[in-house]
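Any read-out appearing in this document is the output of simple, stated calculations on the displayed coordinates, not a laboratory observation. For clarity, every value in this text was computed on a predicted model and none was experimentally measured. Quick reminder, even Gly has a Cβ in these numbers, built from the backbone with ideal geometry, and neighbours come from all protein chains shown.
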Amino acid sequence: MSDNKRIALAFSGGLDTTVCVPLLKEEYGYDEVIGVTVDVGQPEEEFAEAEETAEALNLEHYVVDAKDEFADLCFDAVRANASYQGYPLGTALARPVIATAILEVAQEQGCTGLAHGCTGKGNDQLRFEAVWRDSDMEVIAPVRELGLTREFEQEYADERDLPVEGGDEGKYSIDTNLWSRSIEGSELEEPSYVPPEDIYEWTTAPTGETLEIEVGFENGYPVSLDTGEQSSPSNRNAKRSDDGDEMEPVALIEELNDLAGGFGVGRSDIMEDRMLGLKVRENYEHPAATVLLNAHQALEDLVLTKEERSFKKQIDHEWSEKGYEGLVNAPLVGALEGFIEETQTRVTGTVTIRFEGGQARPVGRDSKYAVYSADAASFNTEDVTGDIEQGDATGVAKYHGFQERLANRVISSQNDEE
Ligand code: ARG
């Protein structure tokens, strides 16, 4: 390897990362820039765009497939019922996976620096750098550090004849991976603006049709789908699994995105509090995430005790916060996962989900670990689990609310005296 100073850039082929290539040489003194695109399930066109732009820039370009690692992390998120303010965390979970893959390429390729094209307003800069600053590489964020605007970038690119198709990036900023598609920017920033139907690509408007599917779980991980004979009304993609068969995480997520998206499942329009404190309007599509999170929760509701369910909410909340922050490698997350693992040994079984009116609603659940006794819960039989009978509740009923009754009596007698 030469003595040239080399830097690895997180590269998408969009305007931000394209202008970063000459800037890293001109402004930061690097001799060579390598571009790294990490596959976390973006659509094909994005790789084609990255390849083409890299070629036109004469950029040494690497593509790393991290779909499996990413899908595994998404399934850890399912076990934690992970959601941040209604967002199932696609972009947030992808960033540490992408950052780690880029760091590995940088090390293999003799780089001494790492760069990304994130702005200084978003979360992604923090998520990338949380991983990168753990290495001895120099970390550079040209867009943030040079205070670049989109207008400046466009002019800069025009002046230098950089391969950016002027204004062809569409008016929205879109980030897509296996778990979610986020749509930001332009009029959507205004919280009162009602988004037009054409911002959605993964989901149709809910149709009148319904479909029931069965999702199988083992130890809290989604492992199989039974989609029956019917298929998505839009049926954009004809591939189908063998029903009820075990599926690999990536394939399972892809199939569910396609199927549930056709029933309008998994849209969210939320106000999101970013890490730096900005409150922003966000739109997302995440059909598979919605189905798997709803199904997983329904199975936990069946197999966990009341105390476990209520305590796990706090664990899940903490996991989701760290997930949003891009800190899934934090010791806290390891500790939370110790609790999660202990509970998930019973989260094995199946859940029937009905797609209806844009919702994915659990309508049936089954597990050999169900904390459920038909005899105990039924109104039809007298003797319950063998050693409890109806009359036993009389004593409990006498005590129930004792303290509240007493307190209210004391309060009203004091009020009378005044
Ligand atoms: N607000 C979401 C998040 O912070 C989505 C960010 C989308 N990122 C992007 N570069 N467009 O996770």
Calculated log₁₀ intensity ratio I(q)/I(0) where the Debye formula runs over C-alpha points of region 76-202, q = 0.17, 0.22 Å⁻¹: -1.17, -1.39
Relative to 2.2 N^0.38 Å, what does the C-alpha radius of gyration of region 172-216 come to as a ratio? Two decimals please. 1.51
For region 70-147, divide the Cα radius of gyration by the Kirkwood radius and give the resulting Rg/Rh value with two decimals. 1.03
At a threshold of 8 angstrom on Cα-Cα distance, excluding pairs fewer than six apart, so keeping six or more, what relative contact order does the chain reach in percent? 17
Quick check: the angle from helix 287-303's long axis to the longest principal axis of the chain, C-alpha only, nearest 10 degrees? 30
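What is the extension gain from Glu104 to Glu342, computed as 0.36 nm multiplied by their sequence separation minus the C-alpha to C-alpha distance, in nm to one decimal? All intermediate terms of the calculation are to be shown ahead of the outcome.
Details: separation 238, 0.36 × 238 = 85.68 nm, distance 3.25 nm.
Taking Glu104 through Glu342 to full extension adds about 82.4 nm, to one decimal.
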Exposure proxy check: Cys118, Cys74 ranked by fewest other beta carbons within 10 Å? Cys118, Cys74
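Which ordering of His116, His296 is given by a fewest-first count of other beta-carbon atoms within 10 Å? Display every interim value, and only then the final one.
Numbers: His116 28, His296 25.
If I rank by nearby Cβ atoms, fewest first, I get His296, His116.
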Listed highest first by mean packing, meaning other Cβ atoms within 10 Å per residue, what order do 315-321, 260-266, 16-22, 124-130 come in? 260-266, 16-22, 124-130, 315-321
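Which three numbers, in whole Å and largest first, are the semi-axes of the equivalent ellipsoid of region 2-125 derived from its Cα gyration tensor as √(5λ)? Provide the component values of the computation, followed by the final result.
On the way: eigenvalues 152, 42, 41 Å².
The equivalent ellipsoid of region 2-125 has semi-axes of 28, 14, 14 Å.
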Using the Cα centre as the reference, give the magnitude of the dipole from point charges on the C-beta atoms of the chain (Lys, Arg: +1; Asp, Glu: -1; all else neutral), rounded to the nearest 20 debye. 1320
Pairwise label distance in nanometres, Asp31 with Glu389, each label 7 Å out on the Cα-Cβ vector: 9.2
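What full-extension length gain, to one decimal in nm, is calculated for Arg361 and Asp245 as 0.36 nm per residue of separation minus the Cα-Cα distance?
Result: 39.6 nm gained on full extension.
Normalising by the residue count of region 1-129, find the relative contact order in percent from Cα pairs under 8 Å and 6+ residues apart. Mind dumping the intermediate values first?
Numbers: 173 pairs, mean separation 42.0, N = 129.
Dividing the mean separation by the residue count of region 1-129 yields 33 percent.
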Hey, if you put +1 on the Cβ of every Lys and Arg and -1 on every Asp and Glu Cβ in the chain, which of Ala92, Ala141, Ala397 ends up farthest toward the positive end of that dipole? Ala397
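When Lys and Arg each count +1 and Asp and Glu each count -1, what net charge do the other residues less than 11 Å away from His61, Cβ to Cβ, add up to? Numbers along the way, then the final one.
Numbers: positive: none; negative: Glu51, Glu52, Glu55, Glu60.
Around His61, the charge tally is -4.
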Can you count the Lys pairs in the chain with C-alpha separation below 18 Å, eight or more apart or on different chains? 5
Just the Cα atoms of region 323-415: what Rg and Dmax do they give in Å? 22.8, 58
Tell me, how many Å apart are the Cα centres for region 137-216 and for region 74-126? 17
Along the Cα-to-Cβ line of Lys368, 7 Å from the Cα, sits a label point; which residues in region 331-345 have backbone N less than 13 Å from it? none
Compute from the Cα atoms of the chain the Rg and the Dmax, the latter being the longest Cα-Cα distance, and quote both in angstrom. 26.1, 93
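Given axes a ≥ b ≥ c from the Cα gyration tensor, I'd like to know whether region 1-46 is rounded (a/c under 1.5), prolate (a/b larger than b/c) or oblate. Show your work: numbers first, answer last.
Numbers: a/c = 4.03, a/b = 1.79, b/c = 2.25.
Oblate, because a/c is 1.5 or more while a/b does not exceed b/c.
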With a cut-off of 8 Å between alpha carbons and a minimum separation of six or more residues, what is the relative contact order of region 256-314 in percent? 31
Mind checking region 145-206 for chymotrypsin sites (Phe, Trp or Tyr not before Pro) that DSSP puts in a loop (not H, G, I, E or B) and that have at most 12 other Cβ atoms within 10 Å? Tyr193
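Antiparallel DSSP bridges in the chain: what percent, to the nearest 5? Walk me through the numbers on the way to the answer.
Values: 35 of 52 bridges.
Here the share of antiparallel DSSP bridges comes out near 65 percent.
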Can you find, among Ile340, Ala288, Phe311, the residue farthest towards the positive end of the dipole of region 277-365? Put +1 on the C-beta of Lys and Arg, -1 on that of Asp and Glu. Ala288
Debye, to nearest 20: dipole size of region 1-89, +1 on Lys, Arg Cβ, -1 on Asp, Glu Cβ: 400
Hull-based mean projected area of region 264-306, where the convex hull spans the alpha carbons, in square nanometres: 4.5
Dipole size in debye (nearest 20) for region 1-155 around its Cα centre, Lys and Arg Cβ +1, Asp and Glu Cβ -1? 680
Just the Kirkwood number for region 255-382, please: inverse of mean 1/r across all distinct Cα pairs, in Å, one decimal. 17.0
